[in-house]
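The block underneath contains the structure these notes are about, expressed in structure tokens.
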Amino acid sequence: MSDFTFNFTQDQLGQCIGKNPYIDHWYSALNTILPDYEINTPQRVAAFLAQCAHESGNFTALHENLNYRAVTLRKVFPKYFPTDEMAEQYAQQPEKIANRVYGGRMGNGPEESGDGFRYCGRGLIQLTGKQNYTKFAESIDTPV
């Protein structure tokens, strides 16, 4: 049995994340894991679920979608795509986009290294960057 300060039910999870074909799996995992990290009060569970639902499309996307059109690249990443011409060169090429926007930061090598795509957003919170992947792996004692 879990150590929540309230009765956390699968129906409540469904109300937070909507229809999800894997809700029983998510509920089982969250019910087991959240109390281990003191995410066990209504406020903490609500905050965790809200953040994860936002980042993962209501618990449906565990890998960052980087398939942007040129116009969207200019809006979302104007620093990295300052011109229409540059945005067109990268449009709808997720690997190339990730390498550009994540290259040379967060512990990633330069754009050419491929680290941007290798360490793009994954998981419920879209963990991004080699540095963050490494810190997470160390926290669970798993090599990157």
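Rule-based calculations on the coordinates, nothing more; no lab input. Remember, it's a predicted structure, so these values are computed and weren't measured experimentally. Every residue, glycine among them, receives a Cβ derived from its backbone with ideal geometry; neighbour counts consider all protein chains shown.
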In whole Hz, the Karplus estimates of ³J(HN,Hα) for the stretch 119-124 (6.51, -1.76, 1.60; θ = phi - 60°; x where Gly or Pro) are 10, 6, x, 9, x, 4
Under the 7 Å Cα-to-Cβ spin-label approximation, GLN89 and HIS25 lie apart by a distance in nanometres of 4.0 nm
Measuring from the longest principal axis of the C-alpha atoms of the chain, the long axis of helix 130-139 (C-alpha) lies at a number of degrees, nearest 10, equal to 20 degrees
So, with points 7 Å from each Cα along the Cβ direction, the VAL76-ASP11 label distance in nm works out to 3.7 nm
In degrees rounded to 10, the 0-90 angle between helix 42-56 Cα long axis and the longest Cα principal axis of the chain is 30 degrees
Amide H contacts under 5 Å for LEU127, restricted to residues at least 5 apart in sequence or on another chain and with H modeled in the peptide plane, are ARG122
Given unit charges at Cβ for Lys, Arg (+) and Asp, Glu (-), the dipole magnitude of the chain about its Cα centre in debye, nearest 20, is 420 debye
So the angle from the long Cα axis of helix 23-33 to the longest Cα principal axis of the chain, reported in degrees to the nearest 10, equals 80 degrees
Low-density loop trypsin sites (Lys or Arg not before Pro), the stretch 32-78, at most 14 other Cβ within 10 Å, DSSP non-H/G/I/E/B, are ARG69
Of all chymotrypsin sites (Phe, Trp or Tyr not before Pro) in the stretch 39-77, the ones in DSSP coil with at most 11 other Cβ atoms within 10 Å are none
Under the helix-only model (-39500 (n - 2.57) for each DSSP H run of 4 or more, divided by the residues of the chain), the mean residue ellipticity at 222 nm, to 500 deg cm²/dmol, is -14000 deg cm²/dmol
Descending packing, highest mean Cβ count within 10 Å first, for 122-131, 26-35 is 122-131, 26-35
Computed from the beta carbon distance with a Förster radius of 22 Å, FRET efficiency for SER139 and ASP3 to the nearest 0.05 stands at 0.60
Taking the dipole of the chain about the Cα centre (Lys, Arg +1; Asp, Glu -1; charges at Cβ), the one of TYR80, CYS16, TYR27 that reaches farthest to the positive side is TYR80
Calculating Rg/Rh (Cα atoms, Kirkwood Rh) from this structure picks out, from [x] 0.95; [y] 1.06; [z] 1.01, entry [y]
